[in-house]
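What follows is one structure encoded as structure tokens, with my remarks underneath.
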Amino acid sequence: MAEAGPAGAGGPGFRVPRSPRTRAAALVAIALLAGAGLLLYDAASRWAGHRTGSWRRWLAGQLDSRQLDSGWVLLGAVLVGLLGCWLCWLAFASGGRRWLVLRQAPGVVIDRLGVAALLETRALELPMVASARVRVRRRRVRVTIHGSADLERAEVVLRHELSRLGLLPEPALRLRGRPAKHRPAMH
């Protein structure tokens, strides 16, 4: 279990796990908003009949006089390419999605793999279960039981275990039964 980030919309006193990339995303958003606001202000002042900003005239002159094979242009292209790669990494990298919030302890989260291991252990304790595969998502838990176990009893046991954990929000349980490839041990 781990501590979560700042308070969120999960209810009073609960904390929502935050990805460490939120600061980077906020900085990029602020920079883009500032740049867009500056461009919008300059365009509106031009439409209103005022002179364009001196920075705009300077930038237009620089873009007109520079060659594409200039060192500064290539450096700018490399920086923009690196920024694009960084933003793609932030978009596709795993964030705080592996954590689930606990209802009983505000600010505490649990790893989804830990929940899956706990539910798999409970499923394997049931009679006539050869193996079990558990997949935990934020809103759904999918359990596949191999063997000839009583699926209704297994569902009751696993639902009780999920409610004992007290996840926020409590994920829906989907239980499937499959025949075992070998005869399970009788216990």
Inset, instruction - Answer yes or no: is there a residue in segment 53-61 that is hydroxyl-bearing (Ser, Thr, Tyr) and touching a Gly at 6+ places or on another chain (Cβ under 9 Å). - result: no
Inset, instruction - Check off (1) part of a helix (DSSP H, G or I); (2) touching a residue at least 12 places away in the same chain (Cβ under 8 Å) for Ile110 and give me the number that stays unchecked. - result: (1)
Inset, instruction - Report the residue count in segment 70-94 for those that are of a type in the set (Val, Ile, Thr) and under 17 Å from Val28 (Cα atoms). - result: 1
Inset, instruction - Tell me which residues, restricted to segment 145-161, are in a helix (DSSP H, G or I) and in contact with a strand residue (DSSP E or B) (Cβ under 7 Å, 6 or more places away or on another chain). - result: Leu151, Ala154, Glu155, Leu158, Arg159
Legend entry - Selection status of Asp69, open to solvent by 60 Å² or more (accessible area, probe 1.4 Å), modelled with pLDDT of 70 or more, among the acidic types (Asp, Glu) and not in a loop (DSSP other than H, G, I, E, B): no
Legend entry - Residue satisfying condition, being under 26 Å from Trp99 (Cβ atoms), open to solvent by 90 Å² or more (accessible area, probe 1.4 Å), not aromatic (Phe, Trp, Tyr) and not in a helix (DSSP H, G or I), within set Arg164, Arg133, Arg142: Arg133
Inset, instruction - Would you confirm whether any residue within segment 90-110 is modelled with pLDDT of 90 or more, of a type in the set (Val, Ile, Thr) and surrounded by 15 or more Cβ atoms within 10 Å (Cβ to Cβ)? - result: no
Inset, instruction - Please state which of the following conditions Gly177 fails to meet, knowing it meets all the rest: (1) in contact (Cβ under 8 Å) with a residue 24 or more places away in the chain; (2) open to solvent by 100 Å² or more (accessible area, probe 1.4 Å); (3) in a strand (DSSP E or B). - result: (2)
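The values are calculated or read from the model by the stated rules, or taken from the named source; none is laboratory data. Remember, predicted model here, so these are calculated numbers, not experimental data. Virtual Cβ from ideal backbone geometry, glycine too; neighbours counted across all protein chains shown. In case anyone asks, the SASA skips ligands and DNA or RNA and just uses the protein heavy atoms, side chains included. Shrake-Rupley method; radii C 1.70, N 1.55, O 1.52, S 1.80 Å.
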